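Undergrad: One structure, pasted below without further comment.
Nothing in this text is a laboratory measurement; each read-out follows from the coordinates by a stated rule. On a predicted model such as this, the values are computed, not experimentally measured, just so you know. Virtual Cβ from ideal backbone geometry, glycine too; neighbours counted across all protein chains shown.
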Amino acid sequence: MLSLAVLNYNGPIFLTPNMNPQMWNSSAVQRNVKQLKEDGAHFLNVATHSIEASSGNITFSEASLPQPQDLIDSLNKIYQVSK
């Protein structure tokens, strides 16, 4: 349902993936990320240490959620550039 809504939407698309390193670095995900970026999607993930939900271990991932204020700052920066 989400993919259909996105396909029908004409505005900018912002994605904030939150994945463990194994998922994020998989060739299928990276291929899809590359295509989405080429199609104009904005990825707002950050690289940081986080806790893996499945194991409770602390790990480093390039696909972590930004802090709320960092997310707002990123969106503001994107909208200022596009004006």
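Yes/no matrix, rows are residues, columns are (1) in a loop (DSSP other than H, G, I, E, B); (2) farther than 23 Å from residue 7 by Cβ:
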site	(1), (2)
28	no, no
31	no, no
34	no, no
37	no, no
40	yes, no
48	no, yes
56	yes, yes
61	no, yes
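Undergrad: Just to verify a result, which residue in region 33-46, among those that are surrounded by 12 or more Cβ atoms within 10 Å (Cβ to Cβ) and either of a type in the set (Lys, Arg) or without any contact (Cβ under 8 Å) to a residue 24 or more places away in the chain (or both), is nearest to residue 63 (Cα to Cα)?
TA: Within region 33-46, the subset surrounded by 12 or more Cβ atoms within 10 Å (Cβ to Cβ) is 33, 36-37, 41-46.
In the following step, the residues that additionally are either of a type in the set (Lys, Arg) or without any contact (Cβ under 8 Å) to a residue 24 or more places away in the chain (or both) were identified as 33, 36-37.
On the way: 33: 11, 36: 15, 37: 15 Å.
Once the filter is applied, the top-ranked residue is 33.
Undergrad: Looking at the structure I just gave you, is residue 12 on the phi < 0 side of the Ramachandran plot and loosely packed, with under 14 Cβ neighbours inside 10 Å? Spell out how you get there, then give the answer.
TA: On the way: on the phi < 0 side of the Ramachandran plot: yes; loosely packed, with under 14 Cβ neighbours inside 10 Å: yes.
For residue 12, the condition - on the phi < 0 side of the Ramachandran plot and loosely packed, with under 14 Cβ neighbours inside 10 Å - is met.
Undergrad: Determine, yes or no, whether residue 12 is in contact with a strand residue (DSSP E or B) (Cβ under 8 Å, 6 or more places away or on another chain) and within 19 Å of residue 78 (Cβ to Cβ). Lay out the reasoning, then the answer.
TA: Details: in contact with a strand residue (DSSP E or B) (Cβ under 8 Å, 6 or more places away or on another chain): yes; within 19 Å of residue 78 (Cβ to Cβ): yes.
Considered against the rule, which asks whether it is in contact with a strand residue (DSSP E or B) (Cβ under 8 Å, 6 or more places away or on another chain) and within 19 Å of residue 78 (Cβ to Cβ), residue 12 comes out as yes.
Undergrad: Would you please name the residue that is surrounded by the fewest Cβ atoms within 10 Å (Cβ to Cβ), looking only at residues in region 54-75 that are small (Gly, Ala, Ser) and in contact (Cβ under 8 Å) with a residue 24 or more places away in the chain? Spell out how you get there, then give the answer.
TA: Restricting attention to region 54-75, the residues satisfying the condition of being small (Gly, Ala, Ser) are 54-56, 61, 63-64, 74.
With the extra rule that they be in contact (Cβ under 8 Å) with a residue 24 or more places away in the chain, the set shrinks to 54, 61, 63-64, 74.
Working: 54: 7, 61: 22, 63: 22, 64: 20, 74: 17.
Only one residue fits best here, namely 54.
Undergrad: Out of curiosity, is residue 78 out of contact with any Asp or Glu (no Cβ under 8 Å at 6 or more places or on another chain), assigned to a helix (DSSP H, G or I), within 28 Å of residue 9 (Cβ to Cβ) and free of Cβ contacts under 8 Å to residues at least 12 places away in the same chain? Break it down into steps so the answer makes sense when it comes.
TA: On the way: out of contact with any Asp or Glu (no Cβ under 8 Å at 6 or more places or on another chain): yes; assigned to a helix (DSSP H, G or I): yes; within 28 Å of residue 9 (Cβ to Cβ): yes; free of Cβ contacts under 8 Å to residues at least 12 places away in the same chain: no.
Taking the combined requirement at face value, the residue does not satisfy it.
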